[in-house]
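Below is one structure, written out as structure tokens, with a few remarks after it.
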Amino acid sequence: MDKMKLTIDGREVSVRRGAKVLEAAQEADIYIPTLCNHPELEPYGGCRMCLVEIEKMRGFPPACSTPAAEGMVVKTVTPELTKLRQSVLELLLTEHPHPCLTCHRKELCGPFDVCLRSVSVTERCVVCPKNKRCQLKDVARYIGLDEVSLPYTSRGLPIHTEDPCYDRDYDLCILCGRCVRVCDEVVGASALAFVHRGSQALVGTAFGQPLTESGCVFCGACVEACPTGTLMEKDGRWAGLPDRTITTICNYCGVGCQLRLAIKDNRILRVHPDPQGPSNKGLACSKGKFGLDFVHHPDRLTKPLIKRDGKFQEATWEEALSLVVQRLSQYEGDSFAMVTSAKATNEDNYVMQKFARETMGTNNVDHCARLCHAPTVAGLAQTLGSGAMTNSIADLAQAKTILVIGSNTTATHPVIGFQVRRLARKEQANLLVADPREIDLVRDSTLWLRQRSGTDVALLMGMARVILDEGLADMDFVRERCENFEAFQESLQAFDLETVSQTTGIPAQDIARAARLYATQKPSAILYAMGITQHSHGTDNVMASSNLALLTGNIGVPGAGVNPLRGHSNVQGACDMGGLPNVYPGYQSVGNPEARAKFEAGWGCSLPDKPGLTLMEMWDAALDGRLKAVYLVGENPVLSDADASHVEKALKNLEFLVVQDIFLTETARLADVVLPAATFAEKDGTFTNTERRVQRLRIAVLSPGEARPDWLITCQIAQRMGAMGFDFQNPEEIMEEIARLTPSYGGISYPRLESGGLQWPCPTPDHPGTPILHVGRFTRGKGWLAPLRYRPSEELPDKEYPLVLTTARLAHHFHTGTMTRKAKGLAQLRNEELAEVNPQDAERLGIQSGDAIYVASRRGRVTARARVTEDIPFGEVAMSFHFAETATNMLTNPALDPLSKMPEFKVCAVKVGKAT
Amino acid sequence: MAQELEAIFQKHKRERSSLISVLQEVQYKLGYLSPEAIAEIARFLKISESEIYGVATFYAQFRFTRPGEHEIKVCLGTACHVRGGERILEEMERELDIQAGGVTPDYKFSLEKVACFGSCALAPVMVVGKEVHGRMDPNRAKKIIRALR
Ligand code: SF4
Ligand code: SF4
Ligand code: SF4
Ligand code: FES
Ligand code: FES
């Protein structure tokens, strides 16, 4: 990179061109005191703490905002500077409790020491929750202020404790504005602002409302950015310094934020998103920052449970394991099925599928990816050759146009959502949002395409047609790198603008404008999630997305691509590890004799060649008695699967059900044996995030009671059943075996992961990983343009069930709420379902916000309170499935996508009325 | 309120730079900036409520509480201060049973302190609605208010 040289305090420093003086100094480990500066924010120059002297420049420029230049001579320590900084600091400290900051015996003092310096408001550092982590103190010590001549006058402001998750004590605020700027510039929520002026100036919200009313998303970025003790997590507020800090990966969504867990006395004291985290760069969302206390919840399973006479009794591991082994040995072959877990590590998943295939002799392996991205895996494998996000998260910064379709990104993948919003707000990228609901991102979008639920194929194919008709396609790319163009073009006949506009309900000129932006303002990235996949035509939706990218050459280049956002922390990894009925690890087909021979040799056994049952097929097989025993890890199908009462019936019909989990979930209650598992914070291993990045988890705390890591439990069962090849000493050894048998993980090893994650494919130990797929060549050779036909959703509204129910997600909760509802702060933010109803429908039905209503489909009926809002279009209702009390999936339609066997979660017909 | 705001929004571009003039017109129309009005402006201009409140509180011209039918302003500028403006304010606070900056529950009177009306010759000064009352003393001030009850 282009560098320049300058001299700082007599030392020669070289730094990248465009850097500020401060960065140059930091490069050379020269400390300059700063308060308002923050690496992720634009320079602000507000606190005047970083003043320096620069030869040939007048005055004392601030280092944080002054650009460095070739040959510059900078001094950071001079008597004048010290005096200047002292007086700036002195002024600042007249409004901040300072007795301890200037005290000469500060090293000796403790919280309850009697102190004559203590003023009437005893705000001293020794009683501040931020003590010893405070940046103001670092600066004060460096500057060496011994005395503040003006007295400290407390502003006597009330401490804001009304919000969940964190408190605000503005008496400690130095108005550096870092919180305001991070919330605005980085998060895009702008929940905090400078309010009032002059001596009244303060940071706050409109009318001093609580944060819950002010658009705050509780990501905690402001708490992380605050240099003082003003903003403090409620949890561990008074617990002081941690014993140690462990870097690991968040257990919730597929962004895979790298988190630093501050540990004290075997508890997670606080969570700090890691500025070095490749996918999150110092950010997190409410779940990662404030939602990990489920780890210490008293309801954690700590001992194995065996059901005797319909009641669970605690048992020893010895008893539980021998019972499991004795029962499972009766069901070897296809009467057994294994459900693996997208919340468990790669190593856990690898061992589980190996157990099913090697020990139990069946390919009946599946997990909840069936219910999220099975259409992605099926669809993209067919069109591109690889069913994963083609590009990287960081790549988005280079996109000129971003099409977000069927993804409420700020709720489901908040850290990616923040990035998208930031790019749109800075007008670095056009943001096209296609969603029936008025999701958060709509506010900052260039164009909002409000399609009717279930009409995505029409919209995407309509856009493709406009692109072709107007000659905006990248025909060179199509000729050189794609195939099947003629058939595809033929199928576009049906998608003329007028028809498409009628089908989708989007004005024709908007569709055309979106198509033009996408095709001409390149690179263009597509982001999608469940709004695309969870349909009975989910695979078609996926292929329609890849069509658009192929047609415009938006693939294989930075800032472009087709990017499915994966839901669980390790759903990508669980698929990669072969937690699927038709493939071994690395998507090597069980039907392919070569692949089978390789695994037979590797595992020293013979393997079945017939693909196994998918998740929904398993439940059918359980009902008709073909399937007799299930070993289910870390899943809760009773709440998560479509037509949930059907699933419950199926599970009850089994002869033997083992559930391995961290809590006694709704599903675990149905088990014969429950095995207590360790959480992500209690084990070593790896997760693969949505951008295919394999990242390291590390043990942060010890498991409560006798809970054990998943891989170990499965290995112990396998070994007791006499299986060979399960004598792993630790997850690292498992990864060695994975690397041996999985070409795309071939170069991955724990020592390499120490220095950050690696993106697969990473075939050899010297391969740097692959941030962008399909560069120069598609995994399948040529890109395949898919001819498609619009198929309406299976169940459309009719007289009896006049409304469309679409399922959605909330930002503060995850999946079936097993973990998030046990996190105190998150549960305070929202603890019940609120069914969204459009005002027009609400008026007709006589419903008001807050009313108890019922929602019923042909399959079931649930109750919830209503939230009347324009966010949801006329004729539709939206609900999440986070709350067991309102088991939304009792209603959803199990109609399956023919290719991927995905049920239609996003559209079913319901009726709604006041609950009586 | 919704209609009045809608009429104002119609006249403006949906962009940040419209903020100050929208705020001014809303205050002119409604007499103050209510939380509901700010929420609507936020929705229209796609700026957060906190940010709008931050901008609005930076300028002295905006008020955030509903004014009373009779707006009472007591001057505490230098001249009025010297001649006992403070005592008039206290008397008003007692009489109306509200603090400066407040409004009576029936929204009949609101009370504010200001710094100099430019009528220092008449100090101490109290303004009721648009009418300036000079050479006040607590007793006379009380009578003026009582006459309005
Ligand atoms: S928690 Fe996040 S959204 Fe809320 S005020 Fe802080 S930075 Fe803004
Ligand atoms: S709350 Fe913290 S970050 Fe925000 S202005 Fe005050 S000191 Fe700075
Ligand atoms: S849930 Fe996702 S976005 Fe939130 S902290 Fe965890 S990984 Fe990051
Ligand atoms: S750090 Fe440079 S002015 Fe605040
Ligand atoms: S000081 Fe009261 S009018 Fe000037």
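The values are calculated or read from the model by the stated rules, or taken from the named source; none is laboratory data. All values derive from a computational prediction rather than experimental measurement. FYI the Cβ positions are ideal-geometry reconstructions off the backbone, even for glycines, and counts take in every protein chain you see. Keep in mind that these areas ignore ligands, DNA and RNA; they rest on the heavy atoms of the full protein, side chains included. Shrake-Rupley method; radii C 1.70, N 1.55, O 1.52, S 1.80 Å.
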Kindly check whether there is at least one residue in the stretch A:398-410 that is open to solvent by 10 Å² or more (accessible area, probe 1.4 Å) and of a type in the set (A, V, I, L, M, F, W, C). no
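For residues that are within 25 Å of A:D184 (Cβ to Cβ) and open to solvent by 20 Å² or more (accessible area, probe 1.4 Å), scanning just the stretch A:63-76, find the one that is farthest from ligand 5 (Cβ to nearest atom). Full working, then the answer.
Residues of the stretch A:63-76 within 25 Å of A:D184 (Cβ to Cβ): A:63-67.
After this cut, where a residue has to be open to solvent by 20 Å² or more (accessible area, probe 1.4 Å) as well, the list is A:65, A:67.
Values: A:S65: 42, A:P67: 49 Å.
Out of the qualifying residues, it is A:P67.
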Within the stretch A:7-51, residues within 16 Å of ligand 3 (Cβ to nearest atom) and not in a loop (DSSP other than H, G, I, E, B) come out as none
When only residues in the stretch A:865-904 that are open to solvent by less than 10 Å² (accessible area, probe 1.4 Å) and among the hydrophobic types (A, V, I, L, M, F, W, C) count, which is farthest from A:G850 (Cα to Cα)? A:M902
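Against the condition crowded, with 20+ Cβ neighbours inside 10 Å, over 20 Å from A:P39 (Cβ atoms) and at pLDDT 85 or above, how does A:D243 come out, does it pass? Outline the logic, then answer.
Values: crowded, with 20+ Cβ neighbours inside 10 Å: no; over 20 Å from A:P39 (Cβ atoms): yes; at pLDDT 85 or above: yes.
Spelling it out, it is not the case that A:D243 is crowded, with 20+ Cβ neighbours inside 10 Å, over 20 Å from A:P39 (Cβ atoms) and at pLDDT 85 or above.
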Members of the stretch A:652-686 that are under 14 Å from A:T818 (Cα atoms), open to solvent by 10 Å² or more (accessible area, probe 1.4 Å) and more than 22 Å from the chain's Cα centre (by Cα): A:L664, A:E666, A:R669
Could you check B:E6 against (1) away from chain A (no Cβ under 14 Å); (2) acidic (D, E); (3) in contact (Cβ under 8 Å) with a residue 12 or more places away in the chain and say which number it fails? (3)
Considering residues of the stretch A:799-858 that are among the aromatic types (F, W, Y) and touching a Gly at 6+ places or on another chain (Cβ under 9 Å) only, the residue modelled with the highest pLDDT: A:Y854
Please indicate, with yes or no, whether at least one residue in the stretch B:39-52 is in contact with a strand residue (DSSP E or B) (Cβ under 6 Å, 6 or more places away or on another chain), under 27 Å from A:V195 (Cα atoms), among the hydroxyl-bearing types (S, T, Y) and within 14 Å of chain A (Cβ to nearest Cβ). yes
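Residues that are more than 8 Å from chain B (Cβ to nearest Cβ) and open to solvent by less than 10 Å² (accessible area, probe 1.4 Å), at least 1 per element: which strands (runs of 3 or more DSSP E) completely within the stretch A:165-228 meet that? Lay out the reasoning, then the answer.
Numbers: elements: A:166-168, A:193-195, A:202-204.
Once the strands (runs of 3 or more DSSP E) in the stretch A:165-228 are filtered for at least 1 residues that are more than 8 Å from chain B (Cβ to nearest Cβ) and open to solvent by less than 10 Å² (accessible area, probe 1.4 Å), what remains is A:166-168, A:202-204.
Please tell me if A:H160 is within 14 Å of chain B (Cβ to nearest Cβ) and within 12 Å of ligand 2 (Cβ to nearest atom).
Details: within 14 Å of chain B (Cβ to nearest Cβ): yes; within 12 Å of ligand 2 (Cβ to nearest atom): yes.
Against the criterion (within 14 Å of chain B (Cβ to nearest Cβ) and within 12 Å of ligand 2 (Cβ to nearest atom)), A:H160 qualifies.
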Only listed residue being more than 14 Å from every other protein chain (Cβ to nearest Cβ), open to solvent by 70 Å² or more (accessible area, probe 1.4 Å) and not polar (S, T, N, Q), chosen from A:R443, A:R479, A:R425: A:R479
Hey, can you tell me all the residues within the stretch A:8-59 that are touching a Phe, Trp or Tyr at 6+ places or on another chain (Cβ under 8 Å) and open to solvent by 70 Å² or more (accessible area, probe 1.4 Å)? A:Y31
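For the stretch A:116-136, give me the residue count where each residue is away from ligand 4 (no atom under 16 Å from the Cβ) and either modelled with pLDDT of 75 or more or within 11 Å of A:H96 (Cβ to Cβ) (or both).
Of the residues in the stretch A:116-136, the ones away from ligand 4 (no atom under 16 Å from the Cβ) are A:116-133.
Those left that are additionally either modelled with pLDDT of 75 or more or within 11 Å of A:H96 (Cβ to Cβ) (or both): A:123, A:125, A:128-133.
Total meeting the criteria: 8.
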Please verify whether A:E438 is surrounded by fewer than 21 Cβ atoms within 10 Å (Cβ to Cβ), within 13 Å of chain B (Cβ to nearest Cβ) and in contact (Cβ under 8 Å) with a residue 40 or more places away in the chain, treating the condition exactly as stated. yes
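Hey, among the residues in the stretch A:892-916 that are of a type in the set (A, V, I, L, M) and in a strand (DSSP E or B), which one's farthest from the chain's Cα centre (by Cα)? Outline the logic, then answer.
Within the stretch A:892-916, the subset of a type in the set (A, V, I, L, M) is A:895-896, A:899, A:902, A:907, A:909-910, A:912, A:915.
Among the residues that remain, those that are also in a strand (DSSP E or B) are: A:895-896, A:909-910, A:912.
On the way: A:A895: 28, A:L896: 27, A:A909: 30, A:V910: 30, A:V912: 32 Å.
Selected residue: A:V912.
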Please state which of the following conditions A:A394 fails to meet, knowing it meets all the rest: (1) touching a residue at least 24 places away in the same chain (Cβ under 8 Å); (2) in contact with a helix residue (DSSP H, G or I) (Cβ under 8 Å, 6 or more places away or on another chain); (3) among the hydrophobic types (A, V, I, L, M, F, W, C). (2)
Residues of the stretch A:180-226 that turn out to be more than 23 Å from A:G825 (Cα to Cα) and touching a residue at least 60 places away in the same chain (Cβ under 8 Å), as a count: 2
Breaking point among (1) in contact (Cβ under 8 Å) with a residue 12 or more places away in the chain; (2) part of a loop (DSSP other than H, G, I, E, B), for A:M4: (2)
